[in-house]
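Here the structure comes first, spelled out in structure tokens, and everything after it is commentary.
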Amino acid sequence: MASPSPSLPLAGMLELRPLGQTGLMVSALGFGASPLGGVFGTVSEQDAIDSVREAFRLGINFFDTSPYYGGTLSEKMLGKALRALGVPRESFVISTKCGRYADGFDFSAERVTRSIDESLARLNLDYVDILHCHDIEFGSLDQVVNETIPALIKLKKAGKTRFIGITGLPLGIFTNVLDRIPPGSIDVVLSYCHYSINDTSLEDLLPYLKSKGIGIITASPLAMGLLTENGPPEWHPASAELKAACQAAASHCKSKGKNISKLALQYSVKNKDISTVLVGMNSVKQVEENVAAATEIGEEADQQLLQDVQDILKPVKDQSWPSGIQQS
Ligand code: NAD
């Protein structure tokens, strides 16, 4: 059956928020395209196209990918799906990344400069809105400061990206880098797994980031599967204690006839200091469920249930896991 024409997104469904000082307005819920790379199982081209179409129709205007996801497959799928929308380029915001690839990390100026051209070809675009330096804790932060960011600034001047970001797990990487670069060098940060019901450690950093005019993107409100009824994938790096506590919380929600994923998504989207929350999606059903959850905030958010879940998770609050190399 042919998909309905997306034309313009339905007005007033998802909140649009300013992204730092970029001038961009992004939907409070963003589309994480890593699943389009088959990261969570195979996804057909038609499912990818339909998911992106439905997301755009329901007001999601921000799409995030990386050459790392599915060894470039995510970028190719997202590029095809956005092209199939047939909407003006300026009606969506797209971010991709550089420095992390299926075969490893390379934050050299030469590699990231080549990387954006490869990404633009796969996405079939002339420019991206944001180019992130991907998971910088796996590289030398000195190199990121002295070599990678200057290279990205050149790409910005060349018009290949409108804005620059950095991503990673340990929160210390953001202050480490931002304290050492001139204001305005970086426009946004993407933090993941640090603003969800079980881990709100990003909260302490928000005033610092805001004072620097940095746009704040968070990802993985479901804590990469911890806050789901089915539980996390086998490879999830959390401790057994954290996994058990999250499953206890999920079971409690289920016993009350509620889904912990919905509660978790609503919790993350509610914080207006965060411009957009990225969730990985690969089906029309997931898109519809997640947009419905995000737009119900303030109406059906179950305060007592949230309190119960926070109480269950208290012993593991803000517990994370190691990521990257030891920085000197
Ligand atoms: P996630 O926590 O968003 O979980 C995604 C998984 O949850 C997928 O399997 C998806 O199919 C499933 N899911 C989504 N909605 C669901 C629903 N309603 N019901 C049941 N299952 C549902 O993890 P993620 O995809 O890794 O993160 C989101 C996005 O954020 C990524 O796609 C990526 O774009 C970005 N991200 C970036 C970084 C980084 O730059 N270092 C790190 C993590 C995530």
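The values are calculated or read from the model by the stated rules, or taken from the named source; none is laboratory data. Predicted model, so just to flag it, every value in this text is computed and none were measured. FYI the Cβ positions are ideal-geometry reconstructions off the backbone, even for glycines, and counts take in every protein chain you see. In case anyone asks, the SASA skips ligands and DNA or RNA and just uses the protein heavy atoms, side chains included. Shrake-Rupley method; radii C 1.70, N 1.55, O 1.52, S 1.80 Å.
For residues that are of a type in the set (S, T, Y) and surrounded by fewer than 23 Cβ atoms within 10 Å (Cβ to Cβ), scanning just region 73-105, find the one that is nearest to the ligand (Cβ to nearest atom). Can you show your working first?
Here is the first cut: in region 73-105, the residues of a type in the set (S, T, Y) are 74, 91, 95-96, 101.
Checking the rest, the ones that are also surrounded by fewer than 23 Cβ atoms within 10 Å (Cβ to Cβ) come to 91, 101.
Values: S91: 20, Y101: 13 Å.
Only one residue tops the list, namely Y101.
Is there a residue being touching a His at 6+ places or on another chain (Cβ under 9 Å) and open to solvent by 50 Å² or more (accessible area, probe 1.4 Å) anywhere in region 291-299? Walk me through how you get there before you give the answer.
Residues of region 291-299 that are touching a His at 6+ places or on another chain (Cβ under 9 Å), as a first pass: none.
Checking region 291-299: not a single residue is touching a His at 6+ places or on another chain (Cβ under 9 Å) and open to solvent by 50 Å² or more (accessible area, probe 1.4 Å).
Please verify whether S51 is polar (S, T, N, Q) and open to solvent by less than 10 Å² (accessible area, probe 1.4 Å), treating the condition exactly as stated.
Values: polar (S, T, N, Q): yes; open to solvent by less than 10 Å² (accessible area, probe 1.4 Å): yes.
Yes; evaluated as a whole, the condition is true for this residue.
Out of all the residues in region 155-177, is one or more part of a loop (DSSP other than H, G, I, E, B) and among the β-branched types (V, I, T)? Working first, answer last.
From region 155-177, those part of a loop (DSSP other than H, G, I, E, B) are 158-160, 169-171; that's our starting set.
Add one more test, that the residue is among the β-branched types (V, I, T), and what stays is none.
No - not one qualifying residue is present in region 155-177.
For E110, all conditions in the list (1) open to solvent by 40 Å² or more (accessible area, probe 1.4 Å); (2) touching a Cys at 6+ places or on another chain (Cβ under 9 Å) hold save one; what is the number of the exception?
Exception for E110: condition (2).
Consider L169 carefully, then state whether it is surrounded by fewer than 23 Cβ atoms within 10 Å (Cβ to Cβ), within 12 Å of the ligand (Cβ to nearest atom) and of a type in the set (A, V, I, L, M).
Numbers: surrounded by fewer than 23 Cβ atoms within 10 Å (Cβ to Cβ): yes; within 12 Å of the ligand (Cβ to nearest atom): yes; of a type in the set (A, V, I, L, M): yes.
Yes.
For residues that are in a loop (DSSP other than H, G, I, E, B), farther than 17 Å from R122 by Cβ and open to solvent by less than 20 Å² (accessible area, probe 1.4 Å), tally how many sit in region 18-39. Step through it out loud before you land on a result.
Our first condition is that a residue be in a loop (DSSP other than H, G, I, E, B); within region 18-39, this holds for 19-24, 28, 33, 38.
Add one more test, that the residue is farther than 17 Å from R122 by Cβ, and what stays is 19-24, 28.
Right, trim to open to solvent by less than 20 Å² (accessible area, probe 1.4 Å) and you get 19, 22, 24, 28.
Number satisfying all stated conditions: 4.
Looking at D142, D106, D129 in this structure, which one is of a type outside the set (S, T, N, Q) and touching a strand residue (DSSP E or B) at 6+ places or on another chain (Cβ under 7 Å)? Reasoning before the result, please.
Numbers: D142 fails: touching a strand residue (DSSP E or B) at 6+ places or on another chain (Cβ under 7 Å); D106 fails: touching a strand residue (DSSP E or B) at 6+ places or on another chain (Cβ under 7 Å).
Result of the check over D142, D106, D129: D129.
Going through region 17-54 one residue at a time, which ones are more than 12 Å from the ligand (Cβ to nearest atom) and on the phi > 0 side of the Ramachandran plot?
G20, G23 - these are the residues of region 17-54 that are more than 12 Å from the ligand (Cβ to nearest atom) and on the phi > 0 side of the Ramachandran plot.
Being in contact with a strand residue (DSSP E or B) (Cβ under 6 Å, 6 or more places away or on another chain), within 9 Å of the ligand (Cβ to nearest atom) and open to solvent by less than 50 Å² (accessible area, probe 1.4 Å): is that true of I186 here? Full working, then the answer.
On the way: in contact with a strand residue (DSSP E or B) (Cβ under 6 Å, 6 or more places away or on another chain): yes; within 9 Å of the ligand (Cβ to nearest atom): no; open to solvent by less than 50 Å² (accessible area, probe 1.4 Å): yes.
When the stated conditions are applied, I186 does not pass them.
For region 60-70, name all the residues that are away from the ligand (no atom under 12 Å from the Cβ) and open to solvent by 10 Å² or more (accessible area, probe 1.4 Å).
Listed by number, the list holds a single entry, N61.
When the residues of region 208-229 are filtered to those that are in contact with a Lys or Arg (Cβ under 9 Å, 6 or more places away or on another chain) and open to solvent by less than 40 Å² (accessible area, probe 1.4 Å), which remaining residue is farthest from the ligand (Cβ to nearest atom)?
Initial filter on region 208-229 (in contact with a Lys or Arg (Cβ under 9 Å, 6 or more places away or on another chain)): 216, 226, 229.
Pick out the ones that are also open to solvent by less than 40 Å² (accessible area, probe 1.4 Å) and you get 216, 226.
On the way: I216: 13, L226: 8 Å.
Ranking the candidates gives I216 first.
When only residues in region 122-138 that are open to solvent by 50 Å² or more (accessible area, probe 1.4 Å) and in a loop (DSSP other than H, G, I, E, B) count, which is farthest from the ligand (Cβ to nearest atom)?
It comes out as D126.
Helices (runs of 4 or more DSSP H) wholly in region 230-328 with at least 3 residues that are within 13 Å of the ligand (Cβ to nearest atom), within 26 Å of G20 (Cα to Cα) and under 19 Å from the mean Cα position of the chain (by Cα) - which ones? Give the steps one after another, and end with the answer.
Working: elements: 240-255, 260-270, 284-295, 303-313.
Result: 260-270, 284-295.
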